[in-house]
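Visitor: I have a structure here, written as structure tokens, and I will follow up with some questions on it.
Read-outs: derived from the displayed coordinates by stated rules, not from any lab. The shown structure was predicted, so the numbers you read here are calculated from the model rather than taken from an experiment. Glycine gets a Cβ as well: all are built from the backbone with ideal geometry, and neighbour counts include every protein chain shown.
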Amino acid sequence: MTVPRLRVDDFDYKLPADAIAQTPAEPRDASRLLVLDRARSSAGAPALSQATFSEVGEWLRPGDLLVVNDSRVMPARLRGRRATGGSVELLILRPLEDGPGRWEALVRPSRKVRVGETVRIGDGSIEVAEQLGDGTRAIRFDGDLHALMAAAGETPLPPYIHERSAPAERYQTVYARPPGSAAAPTAGLHFTDGLLDRLAAGGIGRASVTLHVGLDTFRPLEGEFVDEHHIHREWFDVPPVTRGAIASAREAGGRIVAVGTTAVRVLETAARTDAASGWTDLYITPPHRFAQVDALITNFHLPRSSLLLLVTAFVEAGMAPRCGPMEARDTLLAAYREALASGYRFFSFGDAMLIV
């Protein structure tokens, strides 16, 4: 059967500005949780339960394995000065593969900063080089850029968060380790050390993967049709201990519960390529056959975004063959409407969904 091309407009929805969370819940696991049961849902009619995130274990069972993204957000926003005295802002995104010391970055004001121009930041200087497309530039720094960011950088909050009172550490997961992300893997922000300990005591395992989150988490879909969009490459790693934990959970009949869309992309990339690490530009759209993920913890995503498409694909996978991509979209957006009507908060500092 031929699947019709999906239009970007079909993945839009109206979101009131006051539904966008500006500050995180305190404590972390006091955020709300909307549970969508795919097996009990029908097209446009999601089967929903409401709880707080601290109760997420009620929908998990012994033998399940949480797979989290342990990437740490870099203090990637750097403010500097041009030789003319003008101010420049850089958002460091990722290292480039074409030479040492070269990184991809957003540079503002991009049009005024010429190729070869040097920007002074603290005690260091960064050379701004060629355009890379999508508004980004190559930059060069002959030194330890992570050290420069640690000394002079700021945590880059998403553009829709205007309240800046939360401490920078609140935009990190409690298990964040290797620095490399320009944005947080936000589904993990709801976990506390205490909640993780309680889940472990209940027989629910945890394993880590790494995906350094880039710019595409905030980039709207481009073009008229979904298949016209392309996403940036991001670096991932699945350590041997995690591959072993997944195999053991599978053998024991446990479910693989991905914490966030970034964990989904790592697991699905590894399943398809058999690669333990590398670069991924996997773009998951409906229909998609999920090879490694049985349940998903995620936040509420932006309209017209690749993340909304991924979650739609996951909803469809659990409802097929009873519905197709558009029916799955109707089901997910009906859940979003219920969340809005119930006062849930959206996006990075917002509430969570568990899709089983």
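Visitor: Can you sort Phe225, Phe290 so the residue with the fewest Cβ neighbours within 10 Å comes first?
Guide: Phe225, Phe290
Visitor: Is there a quick way to get the dipole size of the chain? I mean about its Cα centre, with the Cβ of Lys and Arg at +1 and of Asp and Glu at -1; what is the value in debye to the nearest 20?
Guide: About 380 debye.
Visitor: Sticking with this one: Cut-off 15 Å, label point 7 angstrom out along Cα-to-Cβ of Arg108: give me the residues of the range 219-260 whose amide nitrogen falls inside.
Guide: 219
Visitor: Extension gain Asp197-Ala291, at 0.36 nm per residue separation less the Cα-Cα distance, in nm?
Guide: Residue separation times 0.36 nm, minus the Cα-Cα distance, leaves 31.0 nm.
Visitor: Can you tell me the FRET efficiency between Gln50 and Glu117 if r is taken as the Cβ-Cβ distance and R0 is 51 Å, rounded to the nearest 0.05?
Guide: 0.45
Visitor: Kindly give Rg over Rh for the range 77-152, based on alpha-carbon atoms, with the Kirkwood expression for the hydrodynamic radius.
Guide: That ratio equals 0.91.
Visitor: Which of His301, His190 has the fewest other C-beta atoms within 10 Å, and how do the rest follow up to the most?
Guide: Ordered from fewest to most neighbouring Cβ atoms within 10 Å, His301, His190 come out as His301, His190.
Visitor: Right, another one. Would you mind computing the Rg to Rh ratio of the range 214-356 from its alpha-carbon coordinates, Kirkwood style for Rh?
Guide: 0.96
Visitor: How tilted is helix 240-251 with respect to the longest principal axis of the chain? Cα atoms for both, answer in degrees (0 to 90, nearest 10).
Guide: Relative to the chain, helix 240-251 is tipped by roughly 10 degrees.
Visitor: In whole Å, what is the distance between the alpha-carbon centres of the range 279-356 and the range 172-247?
Guide: 16
Visitor: Search the structure for amide H atoms under 5 Å from the amide H of Val88, placed 1.01 Å from N in the peptide plane, and list their residues when 5 or more places away or on another chain.
Guide: Gly80, Arg81, Arg82
Visitor: Given a 10 angstrom Cα cut-off, can you work out which residue in Asp64, Asp294, Asp144 is the most mobile in a GNM of the chain?
Guide: Asp144
Visitor: Using Cα springs under 10 Å in a Gaussian network model of the chain, which residue among Leu33, Leu296, Leu145 shows the largest mean-square fluctuation?
Guide: In the Gaussian network model the winner is Leu145.
Visitor: With only Lys, Arg, Asp and Glu charged, each at its Cβ (+1 for the first two, -1 for the last two), find how big the charge dipole of the range 77-152 is about the Cα centre; round to the nearest 20 debye.
Guide: 460
Visitor: Next question. Where does the longest stretch of the chain lie that holds no trypsin sites (Lys or Arg not before Pro) found in a DSSP loop with 10 or fewer other Cβ atoms within 10 Å?
Guide: Of all site-free stretches, the longest is 115-288.
Visitor: Now for a separate question. Full-extension gain between Glu228 and Arg243, please, as 0.36 nm times their residue separation minus the C-alpha to C-alpha distance.
Guide: 2.1 nm
Visitor: Quick one: plug the Kirkwood hydrodynamic radius of the chain (C-alpha pairs) into Stokes-Einstein at 20 °C, 1.002 mPa s, and report D in µm²/s.
Guide: In µm²/s, the coefficient rounds to 101.
Visitor: Okay, next question. So how do Ile92, Ile231, Ile204 line up by other beta-carbon neighbours within 10 Å, fewest first?
Guide: Ile231, Ile204, Ile92
Visitor: Give or take rounding to whole Å, what are the principal axis extents of the alpha carbon atoms in the range 138-227, in descending order?
Guide: The Cα atoms of the range 138-227 stretch 47, 43, 29 Å along their principal axes.
Visitor: Going by alpha carbons, how many degrees (0 to 90, nearest 10) lie between the helix axis of 306-319 and the longest principal axis of the chain?
Guide: Here the helix axis deviates by roughly 20 degrees.
Visitor: Separate question: Which is farthest toward the positive dipole end of the chain among Leu333, Leu91, Phe11, measuring Cα position about the Cα centre, with Cβ charges +1 (Lys, Arg) and -1 (Asp, Glu)?
Guide: So the residue we want is Leu91.
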